[in-house]
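Enquirer: I have a structure I would like to understand better, so I am pasting it below and will then ask my questions one at a time.
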Amino acid sequence: MNLHIREAAKNDYEIVHRLQKQVHELHTKERPDHYKAADTTLDKEYFFNLIDGENTKIFLLEDDQPVAYTILTIKNTEDRPILVPKKVVYMDDFGVDVTYRGKGLGKAFFRKIVEFAKDIEADSLELGVWEFNEDAIKFYESMNLKTKVRRMELKL
């Protein structure tokens, strides 16, 4: 394999959209009360704003062609006397092409994202994961992530 990581550009929209759509379809299947099926699951203007954003990064993992993506937001805690100042890299999205899953590419990519977070002197890397997504939870736990907070719901 000839793996490398690069920052996405605006002309990568179709590639990222294709990968992101795979993730969206899983969420649509498991949480139809929250997600709707759609032909366009990543708005082009939103994508361009992420590319241009000062505190956002989109990275692609390539093996001759893009096989995984992540969307990151760099956040600083609110300036409040009761909070410890922190710089957090928040992983908004992370996905590996279905045909490449289970081959260790996600782990290699995730490790590179952790290196990026350390390089920019972040205090932590954080993400949200749906409770139904047991495979993702196992993956993140294998990457040494721990549950920090639990978000709960009561359907009315």
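Enquirer: What number of residues in the range 75-94 are surrounded by 14 or more Cβ atoms within 10 Å (Cβ to Cβ) and β-branched (Val, Ile, Thr)?
Expert: 2
Enquirer: For ALA37, all conditions in the list (1) touching a Ser or Thr at 6+ places or on another chain (Cβ under 8 Å); (2) assigned to a helix (DSSP H, G or I); (3) modelled with pLDDT under 95 hold save one; what is the number of the exception?
Expert: Condition (2) is where ALA37 drops out.
Enquirer: Moving on to the next point. Search the range 1-41 for residues being among the polar types (S, T, N, Q) and in contact with a helix residue (DSSP H, G or I) (Cβ under 7 Å, 6 or more places away or on another chain), and hand back the single one that is surrounded by the most Cβ atoms within 10 Å (Cβ to Cβ).
Expert: THR41
Yes/no per residue for (1) among the small types (Gly, Ala, Ser); (2) assigned to a loop (DSSP other than H, G, I, E, B); (3) more than 30 Å from LYS155 (Cα to Cα):
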site: HIS17; (1), (2), (3): no, no, yes
site: GLN20; (1), (2), (3): no, no, no
site: THR41; (1), (2), (3): no, yes, no
site: ILE51; (1), (2), (3): no, no, yes
site: PHE59; (1), (2), (3): no, no, yes
site: GLU62; (1), (2), (3): no, no, yes
site: ILE82; (1), (2), (3): no, yes, yes
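Enquirer: List every residue pair whose Cβ atoms sit under 9 Å apart, with the two residues 6 or more apart in sequence or on different chains, where the first one lies in the range 3-31 and is in contact (Cβ under 8 Å) with a residue 60 or more places away in the chain and the second, anywhere, is surrounded by 13 or more Cβ atoms within 10 Å (Cβ to Cβ) and among the polar types (S, T, N, Q).
Expert: Hits for this filter: GLN20/THR41; VAL23/THR41; LEU26/ASN133; HIS27/ASN133; GLU30/ASN133.
Enquirer: Only one of (1) touching a strand residue (DSSP E or B) at 6+ places or on another chain (Cβ under 7 Å); (2) more than 27 Å from THR41 (Cβ to Cβ) fails for VAL88. Which number is that?
Expert: Unmet for VAL88, out of (1) touching a strand residue (DSSP E or B) at 6+ places or on another chain (Cβ under 7 Å); (2) more than 27 Å from THR41 (Cβ to Cβ): (2).
Enquirer: Are there any pairs with C-beta distances below 7 angstrom linking a residue in the range 135-154 that is in contact (Cβ under 8 Å) with a residue 12 or more places away in the chain to a residue that is surrounded by 10 or more Cβ atoms within 10 Å (Cβ to Cβ) and assigned to a loop (DSSP other than H, G, I, E, B), with the two at least 6 apart or on different chains, and if so which?
Expert: Taking only residues 6 or more apart or on different chains, the pairs are TYR140/VAL129.
Enquirer: Would you mind telling me which numbered condition in (1) touching a His at 6+ places or on another chain (Cβ under 8 Å); (2) among the aliphatic types (A, V, I, L, M); (3) closer than 18 Å to GLU126 by Cα LEU42 fails?
Expert: Single failed check for LEU42: (3).
Enquirer: For the range 136-151: of the residues being surrounded by 10 or more Cβ atoms within 10 Å (Cβ to Cβ) and of a type in the set (Ser, Thr, Tyr), which is nearest to MET91 (Cα to Cα)?
Expert: TYR140
Enquirer: Quick check on this structure: which one of PHE110, PHE47, PHE116, PHE132 is in contact with a helix residue (DSSP H, G or I) (Cβ under 6 Å, 6 or more places away or on another chain), more than 18 Å from GLU14 (Cβ to Cβ) and not in a strand (DSSP E or B)?
Expert: PHE132
Enquirer: Does LYS57 satisfy the criteria of being surrounded by 15 or more Cβ atoms within 10 Å (Cβ to Cβ), among the charged types (D, E, K, R) and under 30 Å from ASP123 (Cβ atoms)?
Expert: Spelling it out, LYS57 is indeed surrounded by 15 or more Cβ atoms within 10 Å (Cβ to Cβ), among the charged types (D, E, K, R) and under 30 Å from ASP123 (Cβ atoms).
Enquirer: Every residue in the range 121-135 that is surrounded by 12 or more Cβ atoms within 10 Å (Cβ to Cβ) and on the phi > 0 side of the Ramachandran plot, please.
Expert: none
Enquirer: Could you check the range 66-94 and list, in sequence order, the residues that are of a type outside the set (D, E, K, R), within 19 Å of the chain's Cα centre (by Cα) and farther than 17 Å from ALA122 by Cβ? Give the steps one after another, and end with the answer.
Expert: If we filter the range 66-94 for residues that are of a type outside the set (D, E, K, R), which is where we start, we get 66-74, 76-77, 81-85, 88-91, 94.
Now drop any that are not within 19 Å of the chain's Cα centre (by Cα), which leaves 66-74, 76, 88-91, 94.
Within the range 66-94, PRO66, VAL67, ALA68, TYR69 qualify.
The values are calculated or read from the model by the stated rules, or taken from the named source; none is laboratory data. Predicted, not measured: the structure shown is a model, and the values here were computed from it. We place every Cβ from the backbone using ideal geometry, glycine too, and count neighbours over all the protein chains shown.
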